[in-house]
Amino acid sequence: MVSLWHTKTADDAIRALAADTARGLSETEAARRLAEHGANCLTEPKEPGILRRFLTQMADFMVVILLAAAGVSLLTSCLEGEADLTDPIIIIAIVALNAVLGVAQEFRAEKAIAALKAMNAPTAKARRNGSIRIVPAETLSPGDIVELAAGDCVPADVRLIETIGTRAEESALTGESVPVEKDATVVCPPGAPVGDRRNMAFSGSVITAGRAVGVVAATGMRTEFGRIAALVMDEDADDTPLKRRMAEMGKKLGIGAVAICAVIFVTGILRGIAPFTMFMTSVSLAVAAIPEGLPAIVTIMLALGVTKMAKNGAVARRLPAVETLGQITVICSDKTGTLTQNKMTVTEIADGLGGRFDMSERNAPAWAVRAANLSALCNDSAESGGRLTGDPTETALVAAAAKTGFHKTALDRESPRVAEIPFDSSRKMMTTVHKTPDGYMVVVKGAPEAVLARCVVAAADKAKILRANSSMAARALRVIAIARKTLAEKPERADQDSLESGLTFAGLIGMIDPPRPQAEDAVAKCRRAGIKTVMVTGDHALTAAATARSLGISRNGRVMTGAELSAIPDGELAGAIGDCRVFARVSPEHKIKLVKAFKSAGETVLMTGDGVNDAPALKSADVGAAMGIAGTDAAKGAAGVVLMDDDFATIVKAISYGRGVFENIRKASHFLLSSNIGELLTIFAAILLGWESPLLAIHLLWVNLVTDALPAAALGLDPAAPDIMERPASEFGGHFIPLSLWRRIGLEGVMIGALALIAFGAGKSLGSLALARTMAFATLSLSQLVHAFNMRSETRSAFSRLSGGNIYLAGAFLIGAIMQVSAITVPILASVFKTEPLSPAAWTIVAALSAAPLLVVELEKKLLALGKARKRIDTIGVR
């Protein structure tokens, strides 16, 4: 439920909460309210036990198929009197490993909540029984009167009843980089975003200037902070694209395996083969149809991807995030601290009459130096050991003065402050009085309209200054005006009327939270890769639009606000977004709403962020990427990836690695499936032809778990293609194995099966059935080892230099070939595999047939390249 305390006057809020502003709550009343409302802390989410989590992992369709395969394998071996446990044990070990890895990643929500709790203020200054007491923040209740001062962390959601120059830093909650001015006298409309509720101080925010008194309006999970924590708990993390596509493929393989069982069984019965023999054969083939090693190979690939990414500044907190990175089509990025530096910086000083100094230039003119120095004097920030502390706007002004050659410590020493009038929102300015060698100097800084109204300026000049201010504001600069005047004597008191009148205008100073140096290039790389970059921020629309324009995120200047998003039904949002790439003044709920809208449109979404307000959306996105340096623990706990250098450009590197991993998983799947189809067709075709089985069950097991697994694992180490970030995102999305690839897999399976059958037929012509089976076994195994080299690229030749080298694949080939030859030539192994020694002529036939896949697929690639070239020529001709 949305809090409406910001819509009430201070007096109404005090009455509604039955508060006593003078004495506060009594200890008895405080205890009663604490019992009624509960402790001022965040509720821990109720999590399922380890057993339930483990069973959830085991309920995956692919896992069920694998477990069924293990059971059938065990049953088959027992019925044959062998009781071979090797295959079932390997399959069960693979399933258990994947389940354990999945369970280990399910504690992120608890860590996020713990981080949110740690950020809350542990103590608070509350009025109890007429005196100020330091009490544990968790004991506060609605109606408590609390005092706040600069540096205090706000302990609860507070309706302010007194403010004196109060400003609060709320960027972790709202995403707005500039501290918000607070005013207890303001009454806000019901629909005001959190960042615009100037009469409220929110739990977890920090008071950066002034002081305030307020009445506690909400505690614990009822605060804005608590609402975000609830979103983190309630927001279920969707299955990753990898998991969804693997499940889809698992279902297809399972259905296909059952169909194969039925077809082969019926075919064999019709040909007069014994029912029990056909049952054993069909079941063995159905088990062989499922690539049991694929889940383990995928896990290895993802783990290697995690290691490689970590070395380059991106730490994946869960394995599937690596693969999902490769399929990203939309990046929803927070502005403050992610695309920008979260550090206000002065970029321009103007005299308002045509003079303009860009801070990137050298040799500032005297009037610009004077304006910068004055802004550093009328300033409450502190400089110590080369570091600045204080309000971001004021530290930016001090840094600008230092850049012109004058440090605040030296300026304060030469012109010490003797009087001041603090900033307040009604005057919109701050005034200080300084002792100078010539007397005394009054310095005023504040909103340009307010300061200019107190200056002695000709009407024409005033109009020019206001136009200059408008020009700077249109470029999303935060503009501060500086004015001064001299006094002969020290003023008796800091009187507004006397000090803030008859001023001499000194200049306009423009500042902005600048973009990160690498952000623009990273956005451009994303665009070339077919990835949309979307800015989602709590900052003002004008500021967001200017930043997006400077980074190349938005070309049409369109901006949608949180209020506009709220007015659009969820079902219509995906269509309403259209080509909008900038969303401003958004709340945490809006961020989740946007992520879901993009996902409903078929996009794979990455959400970046560093603040508490980003945590729910980070968890909701396909991949959440938190900042490692500036990021809150809450954001890191909810994210799948942490960028250790807080560099937006690291996202591009991470996506590149993710694309490489995704492509390698697809290569391995392509290889395993085409190989398994070859095995199936070898047996099926032999039955249709009325031949004896070309392969024994132990041959299928050997090929499945040895000669298939080694090259598949080596393909996972294939280096990414040089153009991987120049290809459209659609190549890495859609179906895990698209229809065109299924066709290739089927044709390659036919090829491998045909080669094994040719070897079997040649063996029968040369000698016994055992010799024929040995040649078919050797050809099937070695041809698959050769075929693995075809998988490295769907378009480039295996011999192309652009394909790079893969010593692991070469090693897998050598090891697999040696093991296969050993299974035939070593007597002990030959007796196990029921093979016979081959003559030089037989080996020559086997070698020729085994090399055929490389030649056939190379020819296929050439024909595909010619077809694409012809299409391009035809397209140019049409144009």
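The values are calculated or read from the model by the stated rules, or taken from the named source; none is laboratory data. Note that the structure is a prediction, hence the values are computed from the model and not measured. Reconstructed Cβ throughout: ideal geometry from the backbone, glycine too, with neighbour counts over all protein chains shown. Side chains are part of the model used for accessible areas, which takes the heavy atoms of the whole protein and leaves out ligands, DNA and RNA. Shrake-Rupley method; radii C 1.70, N 1.55, O 1.52, S 1.80 Å.
General remarks:
- Residue satisfying all of: in region 824-860; among the acidic types (Asp, Glu) and more than 19 Å from Leu696 (Cα to Cα); most open to solvent (accessible area, probe 1.4 Å) among these: Glu860
- In summary, Pro392 fulfils each of the numbered conditions (1) touching a Ser or Thr at 6+ places or on another chain (Cβ under 9 Å); (2) open to solvent by 60 Å² or more (accessible area, probe 1.4 Å) with the single exception of condition (2).
- Looking across region 310-348, the residues that are part of a helix (DSSP H, G or I) and surrounded by fewer than 24 Cβ atoms within 10 Å (Cβ to Cβ) come down to Ala310, Lys311, Pro320.
- Subset of region 642-696 [modelled with pLDDT of 85 or more and among the hydroxyl-bearing types (Ser, Thr, Tyr)]: Thr650, Ser656, Tyr657, Ser669, Ser674, Ser675, Thr682
- Residues in region 539-569 that are of a type in the set (D, E, K, R) and either in contact (Cβ under 8 Å) with a residue 12 or more places away in the chain or not in a helix (DSSP H, G or I) (or both): Asp539, Arg555, Arg558.
- From the options Ala168, Ala201, Ala184, Ala149, residue that is at pLDDT below 90, within 21 Å of Ile14 (Cα to Cα) and in contact with a strand residue (DSSP E or B) (Cβ under 6 Å, 6 or more places away or on another chain): Ala149
- Complete set of residues in region 136-162 that are surrounded by 17 or more Cβ atoms within 10 Å (Cβ to Cβ), over 39 Å from the mean Cα position of the chain (by Cα) and not in a loop (DSSP other than H, G, I, E, B): Ile145, Ile161
- Pairs are defined by a Cβ separation below 9 Å, a sequence spacing of at least 6 or placement on different chains, a first member in region 747-763 that is touching a residue at least 60 places away in the same chain (Cβ under 8 Å), and a second member that is part of a helix (DSSP H, G or I) and among the basic types (Lys, Arg); the pairs so defined are Phe760/Arg773; Gly763/Arg773.
- Residue pairs whose Cβ atoms lie under 7 Å apart, sitting 6 or more positions apart in sequence or on different chains, and linking a residue in region 21-41 that is farther than 24 Å from Glu162 by Cα to a partner that is open to solvent by 50 Å² or more (accessible area, probe 1.4 Å), are Ala39/Glu138; Cys41/Lys117; Cys41/Glu138.
- Residue that is modelled with the lowest pLDDT [pool: residues in region 623-637 that are in contact with a Gly (Cβ under 6 Å, 6 or more places away or on another chain), buried (at least 23 other Cβ atoms within 10 Å of the Cβ) and small (Gly, Ala, Ser)]: Ala635
- Matching residues, region 755-768, being of a type in the set (A, V, I, L, M) and either at pLDDT 95 or above or crowded, with 19+ Cβ neighbours inside 10 Å (or both): Leu755, Ala756, Leu757, Ile758, Ala759, Ala762
- In region 167-179, the residues that are acidic (Asp, Glu) reach residues that are in a loop (DSSP other than H, G, I, E, B) and modelled with pLDDT of 75 or more with C-beta atoms within less than 6 angstrom, at least six apart or across chains, in these pairs: Glu169/Pro179; Glu170/Ser205; Glu176/Gly538; Glu176/Asp539.
- Check on Ala402, surrounded by fewer than 22 Cβ atoms within 10 Å (Cβ to Cβ), under 41 Å from the mean Cα position of the chain (by Cα) and under 18 Å from Thr504 (Cβ atoms): no
- The set of residues in region 709-731 that are in contact (Cβ under 8 Å) with a residue 40 or more places away in the chain, within 19 Å of Ala524 (Cα to Cα) and either surrounded by fewer than 14 Cβ atoms within 10 Å (Cβ to Cβ) or of a type in the set (A, V, I, L, M, F, W, C) (or both) comprises Pro722, Ile724, Met725, Glu726, Pro728, Ala729, Ser730.
- Among the conditions (1) at pLDDT below 90; (2) over 18 Å from Lys445 (Cβ atoms), the only one that Gly530 does not satisfy is (1).
- Failed item in (1) within 25 Å of Gln496 (Cα to Cα); (2) among the acidic types (Asp, Glu); (3) open to solvent by less than 50 Å² (accessible area, probe 1.4 Å), with Glu414 passing the rest: (3)
- Meets criteria (at pLDDT below 75, under 30 Å from Val258 (Cβ atoms), aliphatic (A, V, I, L, M) and open to solvent by 50 Å² or more (accessible area, probe 1.4 Å)) for Ile273: yes
- Contact annotation: residue pairs with Cβ atoms under 6 Å, 6 or more positions apart or on different chains, pairing a residue in region 417-432 that is free of Cβ contacts under 8 Å to residues at least 60 places away in the same chain and more than 18 Å from Glu449 (Cα to Cα) with a partner that is open to solvent by less than 40 Å² (accessible area, probe 1.4 Å) and not in a strand (DSSP E or B), are Thr432/Cys378.
- When the criteria are applied in full, Ala574 fails the requirement of being closer than 24 Å to Lys596 by Cα, open to solvent by 20 Å² or more (accessible area, probe 1.4 Å) and more than 22 Å from the chain's Cα centre (by Cα).
- Just one of the listed residues (Ile845, Ile824, Ile818) is over 17 Å from Ala772 (Cβ atoms), modelled with pLDDT of 90 or more and assigned to a helix (DSSP H, G or I), and it is Ile818.
- Residue list for region 448-481, restricted to those being part of a loop (DSSP other than H, G, I, E, B), over 15 Å from Phe505 (Cβ atoms) and open to solvent by 60 Å² or more (accessible area, probe 1.4 Å): Arg475
- In region 672-690, the residue that is surrounded by the fewest Cβ atoms within 10 Å (Cβ to Cβ) out of those that are of a type in the set (Gly, Ala, Ser) and more than 27 Å from Val298 (Cβ to Cβ) is Gly690.
- The single residue among Ser669, Ser693, Ser656 that is open to solvent by less than 50 Å² (accessible area, probe 1.4 Å), closer than 20 Å to Ala812 by Cβ and among the hydroxyl-bearing types (Ser, Thr, Tyr) turns out to be Ser669.
- Subset of region 2-27 that is in a helix (DSSP H, G or I) and more than 39 Å from the chain's Cα centre (by Cα) - its residue that is surrounded by the most Cβ atoms within 10 Å (Cβ to Cβ): Ala13
- Whichever residue in region 557-571 is over 22 Å from the mean Cα position of the chain (by Cα) and not hydrophobic (A, V, I, L, M, F, W, C) and, among such residues, is surrounded by the most Cβ atoms within 10 Å (Cβ to Cβ): Thr561
- The number of residues in region 487-513 being in contact with a strand residue (DSSP E or B) (Cβ under 8 Å, 6 or more places away or on another chain), over 20 Å from Thr393 (Cβ atoms), open to solvent by 20 Å² or more (accessible area, probe 1.4 Å) and not charged (D, E, K, R) comes to 7.
- Long-range neighbours under 8 Å by Cβ, at least six apart or interchain, first residue in contact (Cβ under 8 Å) with a residue 60 or more places away in the chain and over 26 Å from Thr123 (Cβ atoms) within region 189-204, second among the basic types (Lys, Arg) and not in a helix (DSSP H, G or I): Pro193/Arg585; Gly195/Arg585; Asp196/Arg585
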